[in-house]
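Have a look at the structure below before the remarks.
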Amino acid sequence: MPSVLIIEDEELAAKRLIRLLKELAPDMNVLTSIDTVTGAVQWLSNHQADLIFLDIHLADGDSFSIFDQIDVKIPIIFTTAYDQYAIRAFKLNSIDYLLKPIDKEELAFSIEKFRQAQSSQTSDFSELIASMKESRTQAEYQKRFMVTSGEKIKSIPIDEVAYFFGQQKYVFLITKDHRRHIVDFTLGKLEGLLDPNQFYRINRQFIISFNAIQNMFSYSKSRVKIELDPPSDIEAIVSIEKAKRFKEWLNR
């Protein structure tokens with residue numbers, strides 16, 4: 001009985017995938033569903049599976065960072081909602097992928113592909129990750145965000161975005177003219193949509209634009225405190241884990 005690990009931060013998408021797997025492959029045993037990079041690394045450090053369904057952007061970052069922290073040699077079917085650059089990389093490296101919302105027939109084909117390769121497949125992600133980086137530099141990043149206010153609908157150009165921040169269950173887009181809008185994305189997914197030369201995720205709550213930085217100050221434990229424009233009611237402090245790379249990002 002093949003065992004399956006699902007790594008997906010959208011609860012509805014995970015439930016749909018589990019339901020389809022029960023229908024198409026009742027012999028497969030879904031072990032668990034995990035929604036973060038951290039959780040995936042912890043689980044894979046202590047457990048094993050025969051197949052992984054892996055979303056590209058998770059609640060706490062890019063799922064490819066999993067491979068930077070742990071050696072994974074398990075067949076993987078990637079799932080994605082919009083990463084066309086990633087799809088090109090997958091094709092180059094003969095790794096299967098599914099566009100969300102997942103189509104039942106395409107899932108059946110992926111399962112069959114897994115079964116045929118199960119006895120001999122090993123995974124080497126070095127070429128894939130290299131292709132991802134190369135393709136990412138050519139990617140077209142998000143140019144605008146559609147937001148709503150009551151019955152009004154507005155599309156905000158990316159040049160007007162100062163930063164994003166998460167609070168409770170919501171993610172807010174803050175414009176340069178001090179307006180705040182709710183967007184239907186997690187911060188993890190926004191990381192994959194935004195140009196990394198212009199935007200940086202400084203901690204679990206903030207993704208900021210370089211142009212929104214008004215002042216920066218040294219903070220405890222090598223961190224950096226940032227004054228944003230427009231100002232934020234929540235302190236914007238670069239986390240310990242992000243501090244070194246953030247300083248490298250500033251020095252590009």
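Computed in the context of the full set of protein chains, the accessible area of the chain at 1.4 Å probe radius has 47% of its extent on carbon or sulfur. Net length available on complete extension from HIS47 to GLU11 is 10.8 nm, with 0.36 nm assigned per residue and the Cα-Cα distance removed.
Just how large is the dipole of the chain about the Cα centre, in debye to the nearest 20, putting +1 at every Lys and Arg Cβ and -1 at every Asp and Glu Cβ? Could you put the intermediate results ahead of the total?
Values: 32 positive and 36 negative charges, 116 e Å.
Charge dipole, the chain, about its Cα centre: 560 debye, nearest 20.
Summarising the label geometry, the points placed 7 Å from Cα in the beta-carbon direction at ARG144 and MET1 lie 5.2 nm from one another.
State whether segment 188-252 is rounded, prolate or oblate according to the following rule on the C-alpha gyration tensor (a ≥ b ≥ c being the square roots of its eigenvalues): a/c under 1.5 gives rounded; otherwise a/b larger than b/c gives prolate, and the remaining case gives oblate. List each step's numbers first, then the result.
Numbers: a/c = 1.42, a/b = 1.19, b/c = 1.19.
Cα axes put segment 188-252 in the rounded bin.
In this simple spin-label model, placing a label point 7 Å from the Cα along the Cα-to-Cβ direction at both ASN215 and ILE240 gives a separation of 2.7 nm. Summarising the label geometry, the points placed 7 Å from Cα in the beta-carbon direction at GLU106 and ASP177 lie 3.8 nm from one another. Each of GLY192, ILE226, THR148 was placed along the dipole of the chain (beta-carbon charges, centred on the mean Cα), and the one lying farthest toward the positive end is ILE226.
Across the chain, Cα pairs under 8 Å and at least six residues apart give a relative contact order of 13 percent. A straight chain from SER222 to LYS73 at 0.36 nm per residue would run longer than the Cα-Cα distance by 50.1 nm. Taking Lys and Arg as +1 and Asp and Glu as -1, the other residues whose beta-carbon sits under 12 Å from that of LYS113 total -2. Taking each of LYS73/LYS244; LYS143/LYS176; LYS143/LYS189 in turn, the alpha-carbon distance tops 19 angstrom for LYS73/LYS244. Need the list of aspartates and glutamates near LYS242 for cross-linking: C-alpha distance under 13 angstrom, and skip anything on the same chain fewer than eight residues off. Reachable aspartates and glutamates: ASP60.
One decimal place: the segment ILE156-ASP27 gains 41.7 nm when fully extended, by the rule 0.36 nm per residue minus the C-alpha distance.
Over the chain, accessible surface divided per residue gives 57 Å², non-protein components excluded, 1.4 Å probe.
The values are calculated or read from the model by the stated rules, or taken from the named source; none is laboratory data. Predicted model, so just to flag it, every value in this text is computed and none were measured. Neighbour counts run over all protein chains shown; Cβ positions are idealised from the backbone, glycine included. Surface accessibility is based on the protein's heavy atoms, side chains included, excluding ligands, DNA and RNA. Shrake-Rupley method; radii C 1.70, N 1.55, O 1.52, S 1.80 Å.
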